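Student: Before we start, here is the structure in question, set down as structure tokens.
The values are calculated or read from the model by the stated rules, or taken from the named source; none is laboratory data. Since this is a predicted model, take the numbers as computed values, not measurements. We place every Cβ from the backbone using ideal geometry, glycine too, and count neighbours over all the protein chains shown. Ligands, DNA and RNA are stripped out before the accessible areas are found, and what is left, the full protein with its side chains, is counted by its heavy atoms. Shrake-Rupley method; radii C 1.70, N 1.55, O 1.52, S 1.80 Å.
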Amino acid sequence: MIHRRSAFLSAVCLLMLPALVSSAAAPAPARPSPNKAAAAASVERHRPELVDLANQVWAFAETALREKRSSKVLADYAEAQGFKVERGVAGMPTAFVATYGEGTPIIAILGEYDALPGISQKAQPTKEPLQAGAPGHGCGHNLFGAASLGAAVAVKELIAAGKLHGTVRFYGTPAEESVGGKLYMIREGLFKDVDVVLAWHPSDETKADTQSSQAMVDFMVEFRGRTAHAAFDPWNGRSALDGLEIFTHALNMMREHVRPSVRIHYVIKDGGDVPNVVPDHAKVWVWVRDSKHTSVDELLERVKQMALGSAMAAGVESTLRVQSGDYEMLVNRAGERLLHANMTWVGPIQYTAEEQEFAKTLQKETGIEQKGLNGAVTPLNENPGDPEGGSTDVADVSWNVPVLHVSVATAPTGSPWHAWPVAACGGMSIGHKGLTFAAKVLAATMVDLFEQPEKRAEIRREFEASTQGSVYKGYIPDGPPPLPKD
Ligand SMILES: [Zn+2]
């Protein structure tokens, strides 16, 4: 849901894990391993197929829980590569799990493939939709799914050759941009037996994500009143819209009395039908975010009181229904160091003069500085501070199993996200280079995790320390996922 150039935890995590805050010492280089070289070679060998998968998903551009063709091409490819594929998991026809190997450790990787509505765009540096009004991959998830699957295939080949022992698993996770498909997969217990989960996200830079993401809750507040003629007998009416307006006024006043890290945004979905009828129905859709879910919980309690009070003031009734939400990302510093080492081993991403030209045209078209593309690996930042704006359901996974996460450049520096430039780059070589880089880094890191039980143990210890005393409860209502009706 939500945007994501992921950014991960910080001050909070530092307080929780003082022993893990490192000194200024240079991070350790990647551990050499012939299996890593073989994994990177596998990604290179499968590159045309992975690019083809990414291009197909890019062209399908299917939104949350409608990713039928996108999930099918990825699941079919996994099956063709020898994975056992379970489709339609957790009540979502477009969710699947692909598994190869036996026994432990179980190392998993996440893939996303949902698009965003209204962002259709050709793979060119000037704004022009492929199909006017249609969805597009403005968050680069077409690359996300294909690259993660490429990494899983590389590891699968090493297990098949007897070079690694254990299980590799790819999670096809739908509906990240709305609904939060992973929350339903967590509720189903699908991550219970996993040792470590890896994930990445397209970005305008390449870095191990040591900064958290924001926690958020997504809810709908509805008001029900009594209709009447707005001029003839308004005294008989009770306006649901009045209730809504008092509520949003209260919400906006609350902004003064929350921490600076809080974000509140809403859209009015229903404000009645016509001015000459007192509206008996009104509806507002709200998101509240902060750096920690515990703060979000407190804010939600305040908002619930506001909904009740607003309804009382207007003489109407209100209901508040939580629809979805995310926890903040739990950063695993031991894991991020491992990722960083492997990024340095694989990188930097090299671009051609044509690609830089494409990027600069994009930057010119969007009115940002023409810096071009940055393929360098950003130095590991051990103290990144509060999360930037944005949330992800990957964060919910991180409270159930250790998650290691990287961002990889797939678009020019400063690109507006959830926007046409990201979709443009995702359908051409700039995005494909990010895909290949991400697949190699994730595959190499998985090799480390298979080969080094002590590293897995260190990651697990950090995860246990971070989650100690907390009980995870995802922001989803009871019942099945909200599948689209059409
Ligand atoms: Zn995204």
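Student: At Val322 and Thr104, where each label point lies 7 Å from the Cα along Cα→Cβ, what is the point-to-point distance in nanometres?
Tutor: In this crude spin-label approximation the distance works out to 3.2 nm.
Student: If you don't mind, another one. Give, in whole angstrom and from largest to smallest, the semi-axes √(5λ) of the equivalent ellipsoid of the range 246-309, with λ running over the eigenvalues of the Cα gyration tensor.
Tutor: 27, 11, 10
Student: Now for a different question. For Ala161 and Arg461, what does the FRET efficiency come to when R0 = 25 Å and r is the distance between their Cβ atoms, rounded to the nearest 0.05?
Tutor: 0.20
Student: Hey, another quick one. Please give the helix 68-80 orientation as an angle from the longest Cα principal axis of the chain, in degrees from 0 to 90, rounded to the nearest 10.
Tutor: 20 degrees
Student: Also, quick follow-up: Mind listing P(r) for the range 347-470? All alpha-carbon pairs, 10 Å bins, whole percents.
Tutor: 11, 32, 33, 18, 6, 0
Student: Which of Lys182/Lys207; Lys192/Lys283; Lys269/Lys304 have a Cα-Cα distance over 27 Å?
Tutor: Beyond 27 Å between Cα atoms: Lys192/Lys283.
Student: Pull up the DSSP beta bridges for the chain and report the antiparallel fraction as a percent, rounded to 5.
Tutor: 70 percent
Student: Could you tell me how many degrees, from 0 to 90 and to the nearest 10, lie between the Cα long axis of helix 453-467 and the main elongation axis, the longest principal axis, of the Cα atoms of the chain?
Tutor: Taking Cα atoms only, the helix is inclined about 20 degrees.
Student: Also: If you keep only loop residues by DSSP, which GluC sites (Glu not before Pro) in the range 80-179 have at most 11 other Cβ atoms within 10 Å of their Cβ?
Tutor: Those that pass, being in a loop and sparsely packed, are Glu102.
Student: Per the Kirkwood treatment, what hydrodynamic radius in Å, one decimal, follows for the range 217-272 from the mean inverse distance over all distinct Cα pairs?
Tutor: The Cα-based Kirkwood calculation yields 13.2 Å.
Student: Could you work out the helix-only [θ] at 222 nm for the chain, with each DSSP H run of four or more residues adding -39,500 (n - 2.57) and the total divided by the number of residues, to the nearest 500 deg cm²/dmol?
Tutor: That calculation yields -12500 deg cm²/dmol at 222 nm.
Student: Between Ala134 and Asn276, 0.36 nm times their residue separation minus their Cα-Cα distance comes to what?
Tutor: This chain segment gains 47.6 nm when fully extended.
Student: Ok, one more. Based on the alpha-carbon set only, what is the convex hull volume of the range 125-186 divided per residue, in Å³?
Tutor: Hull volume normalised by residue count: 114 Å³.
Student: Calculate, for Asn381 and Phe232, the FRET efficiency according to 1/(1 + (r/R0)^6) with r their C-beta to C-beta distance and R0 56 Å; round to the nearest 0.05.
Tutor: For Asn381 and Phe232, the calculated efficiency is 0.30.
Student: Given a 1.4 Å probe, how much area per residue of the chain is accessible, in Å²?
Tutor: That works out to 39 Å² for each residue.
Student: Quote the convex hull volume per residue of the range 58-174, based on C-alpha atoms, as a whole number of Å³.
Tutor: Looking at the range 58-174, the number lands at 96 Å³ per residue.
Student: Still on this structure, please answer the following. Using the Kirkwood radius built from alpha carbon pairs, what does the Stokes-Einstein equation give as D for the range 51-100 at 25 °C and 0.890 mPa s, in µm² per second?
Tutor: 221 µm²/s
Student: Starting from the Cα coordinates of the range 153-243, work out the convex hull volume and express it per residue in Å³.
Tutor: So the per-residue hull volume is 198 Å³.
Student: Measure of size requested: the Rg and Dmax of the range 362-422, with Cα atoms as the atom set and Å as the unit; please supply both.
Tutor: Computed over the Cα atoms of the range 362-422, radius of gyration and Dmax are 14.6, 43 Å.
Student: When DSSP beta bridges are limited to those with both residues in the range 104-202, what percentage is antiparallel, rounded to the nearest 5?
Tutor: Here the share of antiparallel DSSP bridges comes out near 10 percent.
Student: Moving on to the next point. Just the Cα atoms of the range 95-254: what Rg and Dmax do they give in Å?
Tutor: 23.7, 83
Student: Per q in 0.09 Å⁻¹, report the Debye log10 I(q)/I(0) for the chain, using one uniform scatterer on each alpha carbon and no solvent.
Tutor: Debye curve over Cα of the chain, log10 I(q)/I(0) at q = 0.09 Å⁻¹: -0.61.
Student: Give the peptides 422-429, 314-321, 436-443 in descending order of average Cβ contacts within 10 Å, highest first.
Tutor: Top of the packing list down: 436-443, 422-429, 314-321.
Student: Could you compute the FRET efficiency for Lys84 and Arg45, with r as their C-beta to C-beta distance and R0 at 30 Å, rounded to 0.05?
Tutor: It comes out at approximately 0.85.
Student: Once the Cα atoms of helix 333-346 and of the chain are each reduced to a long axis, what angle between those two axes, in degrees from 0 to 90 to the nearest 10, is obtained?
Tutor: The angle comes out near 60 degrees.
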